[in-house]
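Written below as structure tokens is the structure these notes are about.
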Ligand SMILES: NC(=O)c1ccc[n+]([C@@H]2O[C@H](COP(=O)([O-])OP(=O)(O)OC[C@H]3O[C@@H](n4cnc5c(N)ncnc54)[C@H](O)[C@@H]3O)[C@@H](O)[C@H]2O)c1
Ligand SMILES: [Zn+2]
């Protein structure tokens with residue numbers, strides 16, 4: 001698989017960990033730090049250390065796993081460690097983990113001493129096809145996802161399927177959610193290919209194409225003034241359901257599961273508002289429902305979800321904004337949706 005060139009940084013697919021070694025060796029960094037969580041420090045760090053063969057002395061910073069850790073408190077912990085280890089402006093931070101680690105590590109690095117270099121080694125499917133590409137870094141606050149953050153590009157991204165050997169199936173499916181989204185918003189042929197594949201083991205070619213789509217969009221519009229909003233399909237409702245689930249559920253939804261639910265609701269809104277045919281709506285509902293267990297929305301007050309959506313940073317002038325589809329493979333940006341419409345789409349999902 002060919003290296004993809006993003007906004008001044010490469011995204012490696014072949015021999016990626018060897019490429020990481022070359023990058024670190026050539027970088028002339030004063031110190032290299034690796035940010036992990038308790039799962040990636042066990043499952044992924046040894047793979048990285050093996051390619052360096054003891055030649056590089058990394059300082060390891062470990063945080064607890066999960067979205068609950070993507071907060072300012074954990075970020076302060078990272079900054080404190082960097083200070084304690086006397087990191088200077090020539091230090092490098094290697095973010096080894098899923099989207100929580102790449103988002104928070106990117107944010108911590110982009111603000112430490114006004115910015116030190118960082119690279120991503122994404123270890124979940126979701127972070128490979130989505131979170132590690134495009135330069136959005138951030139943390140959550142007051143239960144609002146990604147409300148604090150920066151646009152800062154990594155120096156490189158290293159994608160390797162070696163990490164999937166230990167990745168739980170549920171996490172693979174979480175990443176599939178974003179891959180389906182890439183097909184739905186931009187590429188009908190890609191959606192077809194996904195539909196006809198064994199998505200419990202996505203091929204390297206499918207992963208590569210997903211990164212290509214994400215990269216094309218973010219290169220055209222790095223700071224989300226226009227076309228990058230396409231990537232928000234499924235996310236207006238999905239983020240609200242995810243946030244609510246994180247607060248209330250013992251076993252919260254993954255990001256991809258919440259986005260899959262959001263895509264069904266927003267496909268319904270697309271049918272109502274932007275001309276998505278009933279055949280396309282049926283197909284989207286069928287494909288997604290087959291992959292993901294039904295989430296019980298019955299307990300959830302739809303007005304609570306709408307209140308969460310109103311706090312979403314994608315909104316302007318108090319309106320709730322959605323990216324919707326016109327066909328499978330094509331989308332339209334900036335569709336204002338009323339509370340009634342959003343509740344109707346949630347009922348559509350609940351009654352499936
Ligand atoms: N910046 C962006 O553009 C962007 C895009 C999409 C999502 N995100 C963010 O990404 C986050 C979700 O990322 P995620 O789904 O990767 O979740 P995650 O980082 O929480 O990882 C999921 C779980 O898998 C474990 N894990 C990671 N790699 C593993 C491996 N190889 N083997 C075994 N276990 C492993 C982690 O420890 C964690 O428990 C959310 O915070 C979301 O907002 C950001
Ligand atoms: Zn997402």
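The values are calculated or read from the model by the stated rules, or taken from the named source; none is laboratory data. In this text the structure is predicted, and so the values were computed from the model without any measurement. We place every Cβ from the backbone using ideal geometry, glycine too, and count neighbours over all the protein chains shown.
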- Checked the range 89-124 for anything away from ligand 2 (no atom under 15 Å from the Cβ) and out of contact with any strand residue (DSSP E or B) (no Cβ under 6 Å at 6 or more places or on another chain); matches are 89, 90, 108, 111, 112, 113, 114, 115
- Message: Filter the range 245-273 down to the residues that are without any contact (Cβ under 8 Å) to a residue 60 or more places away in the chain, over 14 Å from residue 326 (Cβ atoms) and away from ligand 1 (no atom under 12 Å from the Cβ) and list them by number.
- Response: 245, 248, 249, 250, 251, 262
- Determine which single condition residue 149 fails, assuming it passes every other condition in (1) part of a helix (DSSP H, G or I); (2) surrounded by fewer than 24 Cβ atoms within 10 Å (Cβ to Cβ); (3) free of Cβ contacts under 8 Å to residues at least 60 places away in the same chain; (4) within 16 Å of ligand 2 (Cβ to nearest atom). (1)
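If I filter the range 257-266 for residues that are within 25 Å of residue 147 (Cα to Cα) and more than 19 Å from the chain's Cα centre (by Cα), do I get at least one hit?
If we filter the range 257-266 for residues that are within 25 Å of residue 147 (Cα to Cα), which is where we start, we get 257-266.
Filter again for more than 19 Å from the chain's Cα centre (by Cα), leaving 265.
Among the residues of the range 257-266, at least one is within 25 Å of residue 147 (Cα to Cα) and more than 19 Å from the chain's Cα centre (by Cα), which makes the answer yes.
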- Message: Of the conditions (1) away from ligand 2 (no atom under 16 Å from the Cβ); (2) in contact (Cβ under 8 Å) with a residue 60 or more places away in the chain; (3) under 26 Å from residue 104 (Cβ atoms); (4) surrounded by 15 or more Cβ atoms within 10 Å (Cβ to Cβ), residue 187 satisfies every one except a single condition; which number is it?
- Response: (3)
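Taking the range 105-136 on its own, how many of its residues are closer than 17 Å to residue 87 by Cβ and in contact with a helix residue (DSSP H, G or I) (Cβ under 6 Å, 6 or more places away or on another chain)? Walk me through how you get there before you give the answer.
Restricting attention to the range 105-136, the residues satisfying the condition of being closer than 17 Å to residue 87 by Cβ are 105-119.
Restricting the remaining residues to those that are in contact with a helix residue (DSSP H, G or I) (Cβ under 6 Å, 6 or more places away or on another chain) gives 108, 112, 116, 118.
Number of matching residues: 4.
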- Item | Residue in the range 269-284 that is over 26 Å from residue 190 (Cβ atoms), within 21 Å of the chain's Cα centre (by Cα) and not assigned by TED's automatic domain parsing to the domain that holds residue 128 present | no
